[in-house]
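Colleague: Questions regarding the structure given below will be posed in turn.
The values are calculated or read from the model by the stated rules, or taken from the named source; none is laboratory data. Predicted, not measured: the structure shown is a model, and the values here were computed from it. FYI the Cβ positions are ideal-geometry reconstructions off the backbone, even for glycines, and counts take in every protein chain you see. Please note that ligands, DNA and RNA were not included when accessible areas were found on the heavy atoms of the full protein model with its side chains. Shrake-Rupley method; radii C 1.70, N 1.55, O 1.52, S 1.80 Å.
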Amino acid sequence: MIEKRIFVAGHRGMVGGAVVRRLKGLGAQSVLTADRSTLDLCRQADVERYFAAERPEIVIFAAAKVGGIHANHTYPAQFIYDNLAMASNTIHAAYQAGVPRLLFLGSTCIYPRLAPQPIPESALLTSPLETTNEAYALAKIAGLKMCQFYRQQYGVLFHSAMPTNLYGPGDNYHPQDSHVLPALLRRFHEAKVQQLPVVTVWGSGRPRREFLHVDDLAAAILHLVQLDNPPDWVNVGTGVDIAIADLAHLVAEVVGYTGQIEFDTSKPDGTPVKRTDISLIQQTGWNPQIDFRTGLQQTYEDFLQGQVRGLEIPLSPALA
Ligand code: GDP
């Protein structure tokens with residue numbers, strides 16, 4: 001695999017960045033990446049030109065406009081358009097250029113709001129979606145189904161991976177638009193530094209979420225692109241979940257914040273529980289390796305290094 005020409009779409013994002021790091025660590029020589037200034041994946045003609053010129057042998061589609069519950073709910077038009085356009089242009093251009101293999105990345109928010117727990121791959125399209133991230137989910141479902149249909153009709157090996165909530169280096173620490181884990185790391189850190197007596201956590205604290213370190217996901221992606229007969233779509237997670245209230249206490253402990261925690265129930269909870277059934281990917285020989293507390297401590301250290309170097313914590317490029 002590492003001797004092939006591999007195009008990582010979305011290399012400036014958290015997932016694409018982790019995949020490129022891992023590929024380079026394995027000694028890959030031909031990792032293709034393109035900045036948005038040279039390749040806008042929303043522009044079909046540009047994507048076709050890029051593929052015709054570069055002729056990658058493997059495409060890892062990690063480009064996405066992403067955000068937490070607030071961003072998804074506030075910008076649904078941008079979330080559906082950008083994600084649909086990027087997926088459709090990339091998948092079709094890859095097919096036209098004769099790319100034999102493509103891995104499409106989605107998210108477990110593609111599953112119904114009230115899916116059975118842990119969520120099996122078979123839960124897809126069995127009942128209504130969670131409304132707070134419906135736009136993003138619909139775009140990702142379309143991409144996953146495109147890969148399935150292109151594989152079925154054209155015989156290309158296009159397949160998908162559906163990671164659970166991610167954390168780790170390269171995350172977006174925007175106070176409103178980020179996901180819960182980076183949002184809380186930042187909020188508790190700032191509260192510690194400013195000696196604030198109370199930190200507010202959104203929602204009831206009761207929803208349960210599962211967290212996967214992005215380096216574990218990168219390993220899973222490179223594992224999946226080497227399988228001879230991968231599943232059309234497969235969950236990537238840890239199979240273990242935690243209540244948001246417990247997550248808040250854990251983050252407070254890692255950060256060293258000793259004040260009060262309160263919950264703002266005027267903010268939405270979103271899906272009540274999200275925990276993936278990972279038996280399918282386990283059967284193919286992959287397991288997560290990074291323990292949650294250790295991963296969280298490392299992530300906080302990365303965050304602090306950003307602060308120490310005086311760098312402003314940047315917005316995710318997807319939302320900037
Ligand atoms: P989701 O998994 O798609 O719902 O995405 P999020 O990571 O944005 O939210 C997960 C859960 O954490 C939801 O129940 C949120 O209400 C809750 N939450 C608590 N505090 C925060 C916060 O500061 N930011 C975000 N994004 N979510 C929070």
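Colleague: Need pairs with beta-carbon distance below 9 Å; first residue without any contact (Cβ under 8 Å) to a residue 40 or more places away in the chain and under 17 Å from Ser178 (Cα atoms) and within segment 124-136, second within 11 Å of the ligand (Cβ to nearest atom) and open to solvent by 30 Å² or more (accessible area, probe 1.4 Å); sequence gap 6+ or separate chains.
Modeller: Sorted first by the residue in segment 124-136, then by its partner, the list stays empty.
Colleague: Here are the criteria: (1) within 11 Å of the ligand (Cβ to nearest atom); (2) in contact with a strand residue (DSSP E or B) (Cβ under 8 Å, 6 or more places away or on another chain); (3) not in a strand (DSSP E or B). Tell me which single one Ile261 does not satisfy.
Modeller: (3)
Colleague: For the list (1) more than 8 Å from the ligand (Cβ to nearest atom); (2) open to solvent by less than 10 Å² (accessible area, probe 1.4 Å); (3) not in a loop (DSSP other than H, G, I, E, B), I need the number of the one condition that Ala219 fails.
Modeller: It fails just one condition, (2).
Colleague: So if I check each of Val193, Val180, Val199, which one is open to solvent by 10 Å² or more (accessible area, probe 1.4 Å) and either more than 29 Å from Leu124 (Cα to Cα) or touching a Ser or Thr at 6+ places or on another chain (Cβ under 6 Å) (or both)?
Modeller: Checking each option against the conditions leaves just Val193.
Colleague: Would you check which residues across segment 142-166 are surrounded by fewer than 21 Cβ atoms within 10 Å (Cβ to Cβ) and within 16 Å of the ligand (Cβ to nearest atom) and list them?
Modeller: Asn165
Colleague: Give the number of residues within segment 81-119 that are within 16 Å of the ligand (Cβ to nearest atom), within 13 Å of Ala135 (Cα to Cα) and open to solvent by 50 Å² or more (accessible area, probe 1.4 Å).
Modeller: Of the residues in segment 81-119, 0 are within 16 Å of the ligand (Cβ to nearest atom), within 13 Å of Ala135 (Cα to Cα) and open to solvent by 50 Å² or more (accessible area, probe 1.4 Å).
Colleague: Could you list all residues from segment 264-306 that are touching a helix residue (DSSP H, G or I) at 6+ places or on another chain (Cβ under 6 Å) and in a strand (DSSP E or B)?
Modeller: Across segment 264-306, the qualifying residue is only Thr276.
Colleague: Considering (1) farther than 22 Å from Ile110 by Cβ; (2) within 13 Å of the ligand (Cβ to nearest atom); (3) surrounded by fewer than 16 Cβ atoms within 10 Å (Cβ to Cβ); (4) of a type outside the set (Val, Ile, Thr), say which one Asp228 fails and leave the rest.
Modeller: Against the list (1) farther than 22 Å from Ile110 by Cβ; (2) within 13 Å of the ligand (Cβ to nearest atom); (3) surrounded by fewer than 16 Cβ atoms within 10 Å (Cβ to Cβ); (4) of a type outside the set (Val, Ile, Thr), Asp228 comes up short only on (2).
Colleague: Which of the residues belonging to segment 195-213 are away from the ligand (no atom under 14 Å from the Cβ) and under 15 Å from Asn165 (Cβ atoms)?
Modeller: The one that is away from the ligand (no atom under 14 Å from the Cβ) and under 15 Å from Asn165 (Cβ atoms): His213.
Colleague: So for segment 291-304 (the condition being within 13 Å of the ligand (Cβ to nearest atom) and open to solvent by 50 Å² or more (accessible area, probe 1.4 Å)), does at least one residue qualify?
Modeller: No.
Colleague: Filter segment 207-236 down to the residues that are out of contact with any helix residue (DSSP H, G or I) (no Cβ under 7 Å at 6 or more places or on another chain) and not β-branched (Val, Ile, Thr) and list them by number.
Modeller: Going residue by residue through segment 207-236, those that are out of contact with any helix residue (DSSP H, G or I) (no Cβ under 7 Å at 6 or more places or on another chain) are 208, 210, 212, 216, 223-229.
Listed by number, the residues that qualify are Arg208, Glu210, Leu212, Asp216, His223, Leu224, Gln226, Leu227, Asp228, Asn229.
Colleague: Could you check how many residues of segment 240-254 are more than 12 Å from the ligand (Cβ to nearest atom) and outside any helix (DSSP H, G or I)?
Modeller: 1
Colleague: Pairs please, first residue from segment 1-22 and under 15 Å from Ala161 (Cβ atoms), second anywhere and aromatic (Phe, Trp, Tyr), Cβ atoms under 7 Å, 6+ apart in sequence or on different chains.
Modeller: Ala9/Phe61
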